[in-house]
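Peer 1: Encoded as structure tokens, here's the structure I'll be asking about.
What follows is calculated from the coordinates using simple rules that are stated; it is not laboratory data. In this text the structure is predicted, and so the values were computed from the model without any measurement. Counting neighbours? That spans all protein chains shown, and the Cβs are built from the backbone with ideal geometry, glycine included.
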Amino acid sequence: MKKIEFFRHGLEEHDIARVSDVLRSIFLTTGAVTGEFEARLASYLDIDHVIGVTSCTAALHLSLLAWDIGPGDEVITTPMSFCATANAILLTGATPVFVDAEETTGNINVDLMETKITDKTKAIMPVHLYGQMCDMKRIRQLADRYGVIVIEDAAHCIEGSRDGIKVGQLGDLACFSFYATKAITSGEGGAIATHSLEKAELLKMLRLHGMDKSAADRYTKQYRHWDMSVLGWKYNMDNIQAALLVGQLERIDALWQKREELARKYEQAFAGLSGITLMQTAPNSRHAHHLFTIQVAERDTMLAKLQARGIGVAVNFRPIHLLKYYRERFGYKEGDFPVAECIGARTISLPLYPTLQDDEIEYVIRTVIDELNT
Ligand SMILES: Cc1ncc(COP(=O)(O)O)c(C=O)c1O
């Protein structure tokens, strides 16, 4: 039987060679290669500062801390995301306040946001779900009207844009993931992008205990004393992770182009079929195509059938508010966020990555259609 992995990374020999160079050097932790990756990502995004960290979860957590968000504060976000989004808010002691998703894209429904803003609201944390950007122009206007900040959860969306706005351009901060299945990956890794020099400097300290000098600053050439003026975490991206990412970043648009072609194939094959619902792409959007999802009524049956025929699948996402911890702590129940629940009960993610072969995607398409009809 054919086996089609849900995801395969596309690391190349020169990526591995860059890592070997670091391993043969004296300096493994945060240093020149981290700096090089940060500068290149900043240039790709057209944002002044990028801070490399160990995950997107760390990026979200530090972003909130950099704005002093904590106990007693509220942060508006979506239940249609990975639990890391809301967990990062909880890690600061603040409370996530959910706003339901919109049916067509799965992104946070901006029309419903205003009613959830209170005098405790300090931030809005939209998630660019599956790689499609939220309506950042409207979110920015709303945030400015109420004097709150915007932290973009861009774990799925490095390459996206909407209405001429790129990821991170209207947000105060944008957070990225280089987790094992992401568009570019270092196994685990993340980054924060911001236009603010002051916050970038603070974030650099917060990612390293709050120390005012990194290991590179302390040990290159001559030992230098350091001090600690804020309480930070241990979230710094090292040279090994950065080395793996530099080459992937150089070919990020070519990798995106391949996923775009694959996503079109899926869309064309499934368009108009009864029994399948597809997410829609908003006009004037460049979808980053991190994930391709379909929605079907008997989702778990379909999941089992596809896996039985050798196709790797995933579920992104069962809504956060219905996870046991959130139900028990906050008393959430079914019916609280009906659109997120409807997507969460019906969604399946199909294989989507640049090395997915033509015969493989055709097999996935044929199998899905077959199983729909049986
Ligand atoms: C929307 C979203 N936000 C945040 C994260 C957390 O990313 P990381 O695993 O890099 O911490 C993920 C992980 O997949 C995600 O899907």
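Peer 1: Return the FRET efficiency for the residue pair Met228, Glu260: r is the Cβ-Cβ distance, R0 is 35 Å, and the value is rounded to the nearest 0.05.
Peer 2: 0.15
Peer 1: As I understand it, the value is the acute angle between the Cα axis of helix 32-45 and the longest principal axis of the Cα atoms of the chain; what does it come to in degrees, rounded to 10?
Peer 2: Result, in degrees: 50.
Peer 1: Now for a separate question. Among Met237, Ile51, Tyr219, whose Cα lies farthest out toward the positive end of the dipole of the chain, if unit charges sit on the beta carbon of Lys, Arg (+1) and Asp, Glu (-1)?
Peer 2: Tyr219
Peer 1: Hey, with R₀ at 35 Å, roughly what FRET efficiency would Thr301 and Thr95 work out to, going by the Cβ-Cβ distance, to 0.05?
Peer 2: Efficiency at R0 = 35 Å is approximately 0.45.
Peer 1: Given +1 on the Cβ of Lys and Arg, -1 on the Cβ of Asp and Glu, and no further charges, what dipole in debye does the chain carry about its Cα centre, rounded to the nearest 20?
Peer 2: 560
Peer 1: Follow-up question, since we're still on this one. Mind checking the dipole of the stretch 86-220: about its Cα centre, +1 per Lys or Arg Cβ, -1 per Asp or Glu Cβ, Debye to the nearest 20?
Peer 2: With Lys and Arg at +1 and Asp and Glu at -1, about 360 debye.
Peer 1: Still on this model: In the neighborhood of Leu23, defined by Cβ-to-Cβ distances under 14 Å, what is the net charge if each Lys or Arg adds +1 and each Asp or Glu adds -1?
Peer 2: -1
Peer 1: Calculate for the chain the 222 nm mean residue ellipticity that helices alone would give, adding -39,500 (n - 2.57) per DSSP H run of length 4 or more and normalising by residue count, nearest 500 deg cm²/dmol.
Peer 2: Rounded to the nearest 500, it is -11500 deg cm²/dmol.
Peer 1: What is the chain's relative contact order, in percent, from Cα pairs under 8 angstrom and six or more apart in sequence?
Peer 2: This gives 23 percent for the chain.
Peer 1: Another question about this same structure. Cα axis of helix 56-66 to longest principal axis of the chain: angle in degrees, 0 to 90, nearest 10?
Peer 2: Once rounded, one gets 50 degrees.
Peer 1: Quick one: which residues, 5 or more positions from Thr121 or on another chain, have an amide H under 5 Å from its amide H? H modelled 1.01 Å from N in the peptide plane, none for Pro or chain starts.
Peer 2: Placed amide hydrogens put Glu74 under 5 Å from Thr121.
Peer 1: Another question about this same structure. Kindly identify the chain as rounded, prolate or oblate by the Cα gyration tensor criterion: order the square roots of the eigenvalues as a ≥ b ≥ c, call it rounded if a/c is under 1.5, otherwise compare a/b with b/c, prolate if a/b is larger, else oblate.
Peer 2: oblate
Peer 1: Rounded if a/c is under 1.5, else prolate if a/b beats b/c, else oblate: with a ≥ b ≥ c from the C-alpha gyration tensor eigenvalues square-rooted, which is the stretch 1-63?
Peer 2: It comes out oblate by the Cα gyration axes.
Peer 1: Which lysines does Lys204 reach when only Cα atoms under 25 Å apart count, and residues fewer than 8 places away in its own chain are ignored?
Peer 2: Lys122, Lys166, Lys182, Lys213, Lys221, Lys234
Peer 1: Can you put Trp226, Trp233 in order, fewest other beta carbons within 10 Å first?
Peer 2: Trp226, Trp233
Peer 1: Let me ask something else. Just tell me which lysines come within less than 17 Å, Cα to Cα, of Lys305; anything on the same chain fewer than 8 places away is out.
Peer 2: The reachable lysines, counting only those whose Cα sits under 17 Å from Lys305, are Lys2, Lys3.
Peer 1: Tell me whether the stretch 90-212 comes out rounded, prolate or oblate; compute the Cα gyration tensor, take square roots of the eigenvalues as a ≥ b ≥ c, and use a/c under 1.5 as the rounded threshold.
Peer 2: oblate
Peer 1: What is the helix-to-structure angle for 136-146, meaning the angle in degrees between its Cα long axis and the longest Cα principal axis of the chain, kept from 0 to 90 and rounded to the nearest 10?
Peer 2: 60
Peer 1: Please give the charge dipole size of the stretch 5-58, origin at the Cα centre, charges +1 on K and R Cβ atoms and -1 on D and E Cβ atoms. Round to the nearest 20 debye.
Peer 2: 180
Peer 1: What does the charge add up to near Ala123, with Lys and Arg as +1, Asp and Glu as -1, over the other residues with Cβ less than 9 Å from its Cβ?
Peer 2: -2
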